[in-house]
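The values are calculated or read from the model by the stated rules, or taken from the named source; none is laboratory data. Remember, predicted model here, so these are calculated numbers, not experimental data. Cβ sites come from the backbone with ideal geometry, for glycine too, and all protein chains shown count toward neighbours. When the accessible area is computed, the model is the full protein with side chains, heavy atoms only, and any ligands, DNA or RNA have been set aside. Shrake-Rupley method; radii C 1.70, N 1.55, O 1.52, S 1.80 Å.
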Amino acid sequence: SNLYMVIGEDQLSNLFNWYKIDFILGHVNVVCFKRKNATKKDQKIENIQYIPFHCSFSSSQLRKMIKNSIKLKKETINQKVHKYIKDNNLYK
């Protein structure tokens with residue numbers, strides 16, 4: 001079996017600050033969703049698979065919207081996931 005860790009491009013620049021990152025990179029395959037119009041400099045790190053990702057906002061923005069009770073469009077987030085987040089006060 002292969003183990004994969006999926007991250008967004010926003011975490012890529014912070015990756016080497018993670019606890020035991022050398023161990024992590026030695027034991028998992030990393031997949032990075034890369035935004036087409038990212039403002040940060042392009043970072044290519046060996047052994048990371050990059051996948052183009054076209055979404056108008058990040059998970060950080062989504063969490064902030066939920067925390068601030070901003071109404072989300074149905075296509076923005078799965079309704080069962082959204083209900084679970086709200087029912088369990090995950091971003092309060």
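Among the residues of the stretch 1-18, those identified as touching a Lys or Arg at 6+ places or on another chain (Cβ under 9 Å) and without any contact (Cβ under 8 Å) to a residue 40 or more places away in the chain are L12, S13.
When L62 is tested against (1) at pLDDT 90 or above; (2) open to solvent by less than 90 Å² (accessible area, probe 1.4 Å); (3) in a helix (DSSP H, G or I), only condition (1) is not met.
For every residue, the table says whether it meets (1) open to solvent by less than 60 Å² (accessible area, probe 1.4 Å); (2) at pLDDT 85 or above; (3) part of a helix (DSSP H, G or I).
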site	(1), (2), (3)
V6	no, yes, no
Q11	no, no, yes
Y19	no, yes, no
D22	no, yes, yes
N37	no, no, no
D42	no, no, no
Y50	yes, yes, no
K71	no, yes, no
K74	no, no, no
